[in-house]
Every structure is written in structure tokens, then in C-alpha cells.
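Some notes on the structure that comes next.
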Amino acid sequence: MRRICIIAAAVATLAAGAVAYAGTTQNTYTAGFAFHENGTGSATKPVAVGFTQTYGAANAAAGMRAAPLTDIKLTIEGLKVDPGPFPTCSIAKILAAKSDAGCPKTSIVATGSIVAALGDNTLQGPGTPCTPLLHVWNGGHGNLIFFFVVEGTHQCGGLQTGAAAPWIATVRNADGGMVENTPLPPDVSTDAGNIGAYGSLTSETLQWLKLTRKVHGKAIPFMESTGCRGGSRPYSVSFTATDAAGETLTGSASGKSKC
């Protein structure tokens, strides 16, 4: 069996929620967030923030891998993002090099890794382990560039860095918080590594960096806290996946993280 590379998305150590979706396949999801900040901030006096995010996915049926994800949408209350003043790396640059090594180091906004398995569309059996690093770059204009890197102990069944192309997510401010939407293209889901494999996420851990940049003498955070509700920060994550029949499967996880 040819071996392949896959993707997924993010993470946590705090409270987690799980929901199974109906259909020919059933998955469960977890999500959690641990925030790194100095104080909770307010609308008039926000504070720079970073956080560690964790996601998990599993098939409800024993011996089956999770159906591949095609979209993840995250909403976190009380956060505001301002990527405009920060350096960027273009998706074209990474595509041309099949590497993100040439990106300005100051343009990276999150780092982490995933644990996944690659196999055929029956989703049966453990599959081939795939554990690449995950880098997220500021792409400018509200875009984030996600990219898998294979190196050291972070391998993916013989695939190399660049087997899966970089892909674009979007981030914006809405409804009193931050909204990030991450569509997952075929080469990290249903055609992982461009070798026809299904990529099944087990877990993802992603650390969003606490970044600031001086603009006219004022420190501007990439991400800032504008307050918490009763000492906690509500979040919700919507997951979309697909099965071998092309059926769209949806699920969600939500909770509150400590501020």
C-alpha cells in the first residue's frame, strides 16, 4: 500500500466537549484551549494573548479510523485579531519551494503537530502513522497559511515535506470574538499527499504565539484579549467531514476555558 500524508487541526488541555454525527460513519470530536496572557484585558485596555489549542477526532465504531475532515470553524469569545502590522509569507512562495524554510521567521504565528493515520476509504484498521509538524504563517489580508513539515521524528509514511501543498484559512473579528475558518483541501483529507489516501485525524496540538509589534511607538498585539465572562472564555468548534460515499458529516465541540 502506498503511504501518504494528512492534516487536521488544533487542541487543548482544558475542558472538552464531544458530539457524534449521524450517517454511515460516526465520529466524535474534542476541543480544548489553554490561554497564556497577563490579565484578562478589556475593550478599552486589551492585553496580548497566546494560547494552546487541542483537537481530537475518533470513529465511534471500534477498529475504524475517523472520517477525513474537510473544514474546521473556530469561534472564541473575547478575542480580537489584528494581523495587518505583522510580516507575511505568501502561499506562492511556499508552493514554489515546496518548503516554508524561506519564510520570514517573524511571520510565523502558530506551531504544533498532528497525530493522524493514512489508509483507504473504508476507514478500517489502524492505517499508516502520520505525525508531521504544523506551521501557521500570517498570509496578510486576514489569511493564514497552514503547512505540514516532515522532519526528525515527525514522519508520514515515507512522504516528504511538500507532498501536501500549503492551504489558506481565514481569521476575522465577529460577534464579540475571533472567528477562524480552515477549509481542508483534498491533499490533506481525501487525497492525502496526492496519493489517494484518506487522512484520519487523531489529535492536533497548536500553540498560537503571543506576538506584538511596535507601530508608531505603540505595541500592537497579533491577538488580544478584550475581556472574559465570569472568569472564563467560551469557545465553539464546528467540524465537517466526509465519508467514502461523499456524504457530508458534521459535528461540534464547545466549552469554556479558564482566563
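What follows is calculated from the coordinates using simple rules that are stated; it is not laboratory data. Since the structure is predicted, the reported quantities are computational estimates derived from the model, not experimental observations. Cβ atoms come from the backbone with ideal geometry, glycine included; neighbour counts cover every protein chain shown.
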May I ask you to derive the relative contact order of the chain, considering only C-alpha pairs under 8 Å and at least 6 residues apart, and to give it as an integer percent?
-> 33
Between THR44 and SER90, Cβ-based FRET efficiency (R0 30 Å, step 0.05) works out to 0.30
Taking the Cα-to-Cβ direction at THR212 and at LYS258 and moving 7 Å from each Cα, how far apart do the two end points lie in nm?
-> 2.5
State which entries of LYS210/LYS258; LYS73/LYS98; LYS73/LYS218 exceed 21 angstrom in Cα-Cα distance in the structure shown.
-> LYS73/LYS98; LYS73/LYS218
Within straight cross-link reach of LYS45, meaning Cα distance under 18 Å, which aspartates and glutamates are found once same-chain residues fewer than 8 apart are removed?
-> GLU37, GLU77, ASP82, GLU224
Grab the beta carbon distance between ALA165 and GLN124, set R0 = 35 Å, and tell me the FRET efficiency rounded to 0.05.
-> 0.80
Zone reached by a paramagnetic label modelled 7 Å from ALA174 Cα along Cα→Cβ, restricted to the range 64-99 with backbone N below 20 Å, covers 70-84
For every other residue with a beta carbon closer than 11 angstrom to the beta carbon of TYR198, add +1 if it is Lys or Arg and -1 if Asp or Glu, then tell me the sum.
-> -2
Please work out the Cα center distance from the range 112-133 to the range 138-153, rounded to the nearest Å.
-> 19
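Can you give the charge dipole size of the chain about its Cα centre, rounded to the nearest 20 debye, using +1 on the beta carbon of Lys and Arg and -1 on the beta carbon of Asp and Glu?
Dipole size: approximately 820 debye.
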Work the Kirkwood hydrodynamic radius out for the range 122-259: mean of 1/r over every pair of different alpha-carbon atoms, inverted, in Å.
-> 17.6
For the modelled label position 7 Å from the Cα of ASN143 along Cα-to-Cβ, which residues of the range 216-249 have backbone nitrogen atoms closer than 16 Å?
-> none
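Taking every pair of Cα atoms in the chain, average 1/r, invert it to obtain the Kirkwood radius, and report Rg/Rh to two decimals. Please list the in-between numbers first.
Details: Rg = 18.0 Å, Rh = 18.4 Å.
Ratio of gyration radius to Kirkwood radius for the chain: 0.98.
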